[in-house]
Amino acid sequence: MSLFEAPPQAEDRRVRRSRTLLFAAAIKLVTERETTAITVSDLADAADVSRRLIYQQFKDKDSLLLEAGLDFARKAREERRERIGDGPEMARARLVAMGAHFAEHRGLYRTMLTGSCAYAFSQALCELFAPGNLQLIRRRYGNELDPDVEQDLTDYLTGGTAAIVHSWVVSAPDPLDPEMLVHRLGRLLPLVLGPEPASEADHTTRQ
């Protein structure tokens, strides 16, 4: 390796730092302007990096916006799980917190869900939240379902949830009420997955 070449670890640190700056700039600009019609020059200036660096790391401007939005949503999900817990008994609390996050950052999400990278962003959000829906289905059915049926049901539940969240974020009147989102999703869940099976205790009580 040439003495003028940066060590791989140093290079990785620079890449992570530049991506962090670019993601923050993208979130800030989309939130403030409520549009994805942002130029590469705008993003470079806001992050204090060169246009060339952006094209080195991203296919195009929409790829940067997509990754920034997904990174923002992923970090918020991780924070919720760390703060609230990951157990099934806390599922409703996590859902309320998710709704509160979308409500707080409505301008960002509404723009991303209706802008130039809307389809890709919607698909990425579905991929982000699908594992949680798969866990929900497995808690309900265990190993009863054929793997193909399990996957189709996961896709169905995820897509339906995404449609409700999309319409709520984009079209619901201000201010957004996270409890209303939870109510809408909660009343549909038994219709999709069926009622919870009665426990042995419940069964004994009814005898």
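Coordinate-derived values only; no laboratory data. Because the structure is predicted, anything quoted here is derived from the model rather than measured. For neighbour counting, all protein chains shown are included, and Cβ atoms are generated from backbone atoms with ideal geometry for every residue, glycine included.
The table below gives the values:
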quantity	calculated
Hey, Ser41 at negative phi, in contact with a Lys or Arg (Cβ under 7 Å, 6 or more places away or on another chain) and surrounded by fewer than 17 Cβ atoms within 10 Å (Cβ to Cβ) or not	yes
Members of the range 115-130 found to be touching a Ser or Thr at 6+ places or on another chain (Cβ under 7 Å) and over 14 Å from Val30 (Cα atoms), listed by number	Cys126, Phe129, Ala130
Exclusive hit being over 25 Å from Ala76 (Cα atoms), β-branched (Val, Ile, Thr) and in a helix (DSSP H, G or I), set Val165, Val192	Val192
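Condition check ((1) within 18 Å of the chain's Cα centre (by Cα); (2) outside any loop (DSSP other than H, G, I, E, B); (3) surrounded by 13 or more Cβ atoms within 10 Å (Cβ to Cβ); (4) without any contact (Cβ under 8 Å) to a residue 40 or more places away in the chain) across all residues:
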{"residue": "Arg13", "(1), (2), (3), (4)": "no, yes, no, yes"}
{"residue": "Leu53", "(1), (2), (3), (4)": "no, yes, yes, yes"}
{"residue": "Asp62", "(1), (2), (3), (4)": "yes, yes, yes, no"}
{"residue": "Arg77", "(1), (2), (3), (4)": "yes, yes, yes, no"}
{"residue": "Ala91", "(1), (2), (3), (4)": "yes, yes, yes, no"}
{"residue": "Val96", "(1), (2), (3), (4)": "yes, yes, yes, no"}
